[in-house]
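Only one structure is covered here, and it is reproduced in the block below.
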Amino acid sequence: MDYKKAFPKRLTEVRKELGKTQDEMAVLMDVSRPSYTQYETGVNFPKFENLMKLAEILNVSIDYLVGLSNKKNI
C-alpha cells in the first residue's frame with residue numbers, strides 16, 4: 001500500500017475512533033493546528049520523531065499508520 005494514501009486516511013480514522021479533535025492532536029503533538037491538518041490531508045508528512053509520537057498517542061503501530069500492516073497494534 002502506498003504510504004502517501006494510507007497514512008492520511010489511517011491517521012484520520014484512528015483519531016476519530018478515539019474521539020479526538022485535530023486541535024487536541026496538535027496540542028498533544030506540540031505542533032500547530034495547520035501542521036497537524038497537513039498530515040491528515042496528505043499535504044505534508046511528519047518527521048520520524050513525530051510519527052513515533054503519533055503512534056504512541058493513538059496506540060497503534062507505525063506500520064499500521066503507513067500502510068505496511070493491517071494490524072493496529074503489535
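Nothing in this text is a laboratory measurement; each read-out follows from the coordinates by a stated rule. The shown structure was predicted, so the numbers you read here are calculated from the model rather than taken from an experiment. Note: ideal-geometry Cβ built from the backbone for every residue, glycine included; neighbour counts use all protein chains shown.
Quick notes on this one:
- For ARG15, net neighbour charge (Lys/Arg +1, Asp/Glu -1) across residues whose Cβ lies under 12 Å away: -1
- Only Cα pairs under 8 Å and 6+ residues apart enter the sum, and on that basis the relative contact order of the chain stands at 38 percent.
- Applied to the range 27-35, the Karplus parametrisation 6.51 cos²θ - 1.76 cosθ + 1.60 on θ = phi - 60° returns per-residue 3J(HN,Hα) values of 5, 4, 7, 6, 10, 6, 4, x, 5 Hz, with x for Gly and Pro.
- Our coupling estimate for the range 52-58, obtained by passing each phi through the Karplus curve with A = 6.51, B = -1.76, C = 1.60 and θ = phi - 60°, is 5, 4, 4, 4, 5, 4, 8 Hz, Gly and Pro reported as x.
- Simple spin-label estimate for GLN22 and PHE45 in nanometres, 7 Å along Cα-Cβ: 2.0
- 18 Å tail of the calculated P(r), the chain, as % of Cα pairs: 27
- Applying the Karplus relation 6.51 cos²θ - 1.76 cosθ + 1.60 with θ = phi - 60° to the range 4-18 yields 3J(HN,Hα) values of 5, 9, 5, 4, x, 5, 5, 4, 5, 4, 5, 4, 5, 4, 7 Hz, where x marks Gly and Pro.
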